[in-house]
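Read-outs: derived from the displayed coordinates by stated rules, not from any lab. The model shown is predicted, which means the values in this text are computed figures rather than measured ones. So basically every Cβ, Gly included, is an ideal-geometry build from the backbone, and we count neighbours across all protein chains shown.
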Amino acid sequence: MSCKSWGRYPKTTETIKRLTWSTEPLPANGDDKLLPYGMGRSYGDVCLNNCGTLLVTTALDHILAFDEQIGLLRCESGISLDEVLRFLVPRGWFLPTTPGTKFVTLGGAIANDIHGKNHHHSGTFGCHVTRFELLRSNGERFICSREKNPEWFAATIGGLGLTGLITWAEFKVRRIANSFIEMESIKFRDLDEFFAITKESDQDYEYTVSWQDCLAKAKTLGRGIFMRGNHAKAGAPDLSLHPKPGITVPFDFPSIALNQVSIKLFNTLYYARLRRRLTKSIVHYNPFFYPLDSINKWNRIYGSRGFFQYQFVVPFSEDNRAIRAILKEISESGQASFLAVLKTFGDIRSPGLLSFPMPGVTLALDFPNRGEESFVLFEKLDRLVIEAGGRIYPAKDARMSAATFQASYPQWKKLIQYIDPAFSSSFWRRVAL
Ligand SMILES: Cc1cc2nc3c(=O)[nH]c(=O)nc-3n(C[C@H](O)[C@H](O)[C@H](O)COP(=O)(O)OP(=O)(O)OC[C@H]3O[C@@H](n4cnc5c(N)ncnc54)[C@H](O)[C@@H]3O)c2cc1C
């Protein structure tokens, strides 16, 4: 079995150890460095450990307890959010927040303190975790919560898998009446309109997110489609999972398949597909939250060299100058792909020490790996992000410099005292050592 990250960059070699029981001790031996590995849905190297050992958790997938009175679920950490939904939805419950794929583990969701389309409403995943067990390489086990070992609780939420292995976790879930989302799609012409729609939506819509045309220039710079929604209340209760057989990308696409012409064509057609400014629909939660999950191995469309996802957040400002400057740089480079997601974060604080979100605007874009050309662009973008007081998301990163990381996460030094001496990652060695 080989373990990769979703962006398939960098290429690393690890010893793979599949964990079978959450009661067994960790295989710590001398100098070998360990790192937990969930489903490898991180894009870069937070889930990689070159020349070390990866502890694959996906067999730790049991549901341990569910309190249906208050909506509190306890599971082993290797369970996927897909499996959690298969348990919850037919009972009328849903995840407190979810990323854009359900193929991530509970442990991975906590270690990267993931966020979803409802960050402005519900904060990060870590905000809903009530407690977990942390297993250290010396065999010690701690229960961590806001009350018990709170400093370990904070260090492990967003702790990038470095503080030990989360064996199980307990978290709050939310009620739903059915499996559907009442959704509205609104075309916006530029960034001003994006911010205006965000302002009018944040109060009344639990979920907001936008697709952004990253090749649009000049007057149309920043144009896109705003999507907002709430869990449907009315209608017949239908708590189905609607699992559809997915299609699979059968091989690595040649690198010329995605070029500026094909991406521009896609963006133009995608933007034009909505005839009216506002379209209302009722959709199942699967296409609303997980549109890419129906295409297995879609990361192959970027070819065998892999790709990068660049996700940053910059704080709000009067004129939102930073996000405009970054969008202009990206659009002029012509390098980004059609997958570009724009969203604002709210001000709900995560308990996590190293959590990524902050109040501001976040943009996530895919870039095919074009070697030096890509790196030069990212360094320009890094400078703009840092100057604006923002930061880059470790879960998506494969290349930011130590200086960039340390400038934007000044709390990184506090994490050091909680890192398990037998644990490390390719990411951490790059940005902190
Ligand atoms: C299509 C797609 C959409 C995405 N959308 C979003 C999004 O909207 N929002 C968002 O925040 N993220 C998003 N992501 C990123 C993804 O949610 C995170 O990278 C997530 O952490 C991946 O979980 P995983 O189980 O695959 O963990 P991995 O990628 O395998 O590991 C991630 C980290 O968790 C640690 N870890 C894993 N298990 C444990 C454990 N049991 N104990 C301690 N540490 C552990 C690892 O050491 C590593 O540091 C997306 C990814 C994809 C591919």
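What the table below lists for this structure:
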read-out	value
Lys33 long-range amide H proximity, modeled H, under 5 Å	Thr53
Footprinting exposure proxy for Val261, Val431, Val313, Val249 (fewest neighbouring C-beta atoms within 10 Å first)	Val261, Val249, Val431, Val313
Exposure proxy ranking, count of Cβ atoms within 10 Å, fewest first, for Val56, Val376	Val376, Val56
Interchain or long-range residues, amide H under 5 Å from Asn50's placed H	Ser426
Pairs of Cα atoms farther than 21 Å apart, region 244-336, %	56 percent
Hydrodynamic radius by Kirkwood, which averages 1/r over all alpha carbon pairs of the chain, in angstrom	22.1 Å
Computed log₁₀ I(q)/I(0) - Debye formula, equal Cα scatterers, no solvent, region 321-384, q 0.13, 0.17 Å⁻¹	-0.43, -0.70
Largest-first principal axis extents of the Cα set of region 37-82 (Å)	46, 18, 14
Mean projected area in nm² (Cα convex hull; one quarter of hull surface) for region 42-134	6.7 nm²
For region 372-433, convex hull of alpha carbons as volume per residue, Å³	84 Å³
Karplus (6.51, -1.76, 1.60) ³J(HN,Hα), θ = phi - 60°, over region 377-389, in Hz, Gly and Pro reported as x	4, 4, 5, 4, 5, 3, 4, 5, 5, 5, 4, 7, x
Relative exposure of Ile225, Ile416, Ile295, Ile330, judged by other C-beta atoms within 10 Å (fewest first)	Ile416, Ile295, Ile225, Ile330
In nm, spacing of pseudo-spin labels at Gln417 and Ser240 (7 Å Cα→C-beta vector)	5.5 nm
Overall Cα dimensions of region 313-433 - principal axes, largest extent first, Å	45, 35, 23
Paramagnetic label zone (point 7 Å from Cα along Cα-to-C-beta, Ala325; backbone N under 19 Å) in region 194-233	218, 221-222
Where a label projected 7 Å from the Cα of Ile348 along Cα→Cβ would reach, residues of region 177-220 with amide N under 17 Å	201-209
Built amide H within the under 5 Å cut-off of Ser210, gap 5+	Met227, Leu342
Computed Kirkwood radius, in angstrom, where 1/r is averaged over Cα pairs of region 293-343	13.4 Å
Semi-axes of the equivalent ellipsoid for region 261-303, Cα gyration tensor, largest first, Å	23, 20, 5
Cα-derived Rg over Rh, computed across region 98-180 with Rh taken as Kirkwood radius	1.00
Using θ = phi - 60° and Karplus 6.51 cos²θ - 1.76 cosθ + 1.60, couplings along region 214-229 (whole Hz; Gly, Pro as x)	7, 9, 5, 10, 6, 5, 8, 3, x, 5, x, 10, 8, 10, 9, x
At 1.306 mPa s and 10 °C, Stokes diffusion of region 185-343 via Kirkwood alpha-carbon radius, µm² per second	90 µm²/s
Order by protection proxy (mean Cβ within 10 Å, highest first), peptides 129-135, 288-294, 146-152	129-135, 288-294, 146-152
For region 171-248, Kirkwood radius (reciprocal of mean inverse C-alpha pair distance, Å)	14.8 Å
Kirkwood-Stokes translational diffusion coefficient of region 1-81, alpha-carbon pairs, 37 °C, 0.692 mPa s, µm²/s	235 µm²/s
